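Working notes, structure below.
The values are calculated or read from the model by the stated rules, or taken from the named source; none is laboratory data. Given the structure is predicted, the values throughout are model-derived calculations rather than measurements. Here Cβ is always computed from backbone atoms with ideal geometry, including for glycine, and neighbour counts include all displayed protein chains.
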Amino acid sequence: MTNVFDTLERRGYVEQLTHPEEIKELFAKESVPFYIGIDPTADSLHVGHFISLMVAAHMQKAGHKPIILMGGGTAAIGDPSGKTDMRNMLTIEQLDSNVEKIKSQVEKFLSFEGDNAAKIVNNADWLRNLNYIDFMREIGVHFSVNRMLAADCYKNRLETGLTFFEMGYMLMQSYDFLYLHDHYGCKLEMGGNDQWSNIIGGVELIRKIGAEDSYGFTFKLLTTSDGVKMGKTVKGALWLDPEKTSPYEFYQYWRNIGDADVENVMKLLTFIDVDEIEEMTKYKDERMNEAKRRAAFEITKLVHGEEAAKKAEEATKAMFEGNGNVDAMESTTIADGASLVDAIIATGIAPSKGQAKTLITQGAITLNDEKIDDISYVLTDNDFKDGYAILKKGKKVFHKLVK
């Protein structure tokens, strides 16, 4: 069995380990049941979940057993990590619906057949009917409030307000690990670096109760070279659901990342061999564009399939090289009499009229390759001679308008 730790480390995933040497040895000698949690706070995963799915896929390829835990129970509270205020509470019906929609996205990354078949479980099955007094006597007694408040996920909220309701999140997530340990033989919890405090809680809970085979592993969050989280667009999150973020828009996001981020993104979000990635990204000239194209294609193929990736690539060629197909391009239907400002807002190129007008006056907007600097410009049939019009911001953002 390949020691997947070496793979994860070389590709840049590894951040923190509760028991570094023991984890490396564990990976080398046995098939390890591990879990990664996903709270269904929306009806789709977004790019922030991408790293988790890639880590799980690498682990499974090396012979380990993935358990994907859907947080139908924990999401009823909401993780306070990284949040300035309490999350909106979803109904049980909303959470259950989100879980079902997310399952189909997870299945694109993992195999549910074979000796180390992936398993999807929902913590609603054991959390929703817990007896509060029994839970606090058996689990709550092992947690120090002083220590919990020292954790970043709680400490950062003390000034803005932290509810007792949210403090229960760490206990719930820790109990998840204990439950999976006892019922599925799960030995390892993995998650993003923002989950470190919660993961430690679960590892220590299992060890306090009497077992010694619990471990925690965090991986890096997806950020730019400047440390800014990736995956934000003008429209909001970069979703894995094609109805929320089209394959073309998804492709364009990765095609337009900064040169300094290409190597890291390829290592984290594709299965391309590391040596090949390093060879492709070692040049700091126009050859980096080919690396970006390859990254965008491979990432889009993973999430949306090869056909969608090819269509997105063709649409991009149509814009940059004039020899592709615009059919796959992100399109928006525009009403008769719509202004250019209306079109900019409708496409998501800018979120407000003020910002749309600023883009126009700065010369950043072209329509069918002609720069428009009139903030009162109204679209006419002449703009749609080919059945569509191409709205462009700068050199990299394209959008097809149809009537």
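Odds and ends about this structure:
- Verdict on Gly201 being within 30 Å of Arg147 (Cβ to Cβ), at pLDDT 90 or above and small (Gly, Ala, Ser): yes
- Residues (surrounded by fewer than 23 Cβ atoms within 10 Å (Cβ to Cβ) and touching a helix residue (DSSP H, G or I) at 6+ places or on another chain (Cβ under 7 Å)) located in region 193-202: Ser197
- Criterion: farther than 28 Å from Gln173 by Cβ and among the polar types (S, T, N, Q) - qualifying residue of Ser225, Ser214: Ser225
- Which listed residue is charged (D, E, K, R), without any contact (Cβ under 8 Å) to a residue 24 or more places away in the chain and more than 23 Å from Lys317 (Cα to Cα), from Glu278, Glu306, Glu290: Glu278
- Test: residue in region 295-305 that is under 30 Å from Glu107 (Cβ atoms), outside any helix (DSSP H, G or I) and assigned by TED's automatic domain parsing to the domain that holds Pro247: yes
- Those helices (runs of 4 or more DSSP H) lying entirely in region 179-294 with at least 2 residues farther than 19 Å from Val55 by Cα: 196-209, 247-255, 274-280
- Strands (runs of 3 or more DSSP E) contained entirely in region 1-118, each with at least 2 residues that are crowded, with 17+ Cβ neighbours inside 10 Å and either in contact with a Leu (Cβ under 6 Å, 6 or more places away or on another chain) or at pLDDT 90 or above (or both): 33-38, 65-70
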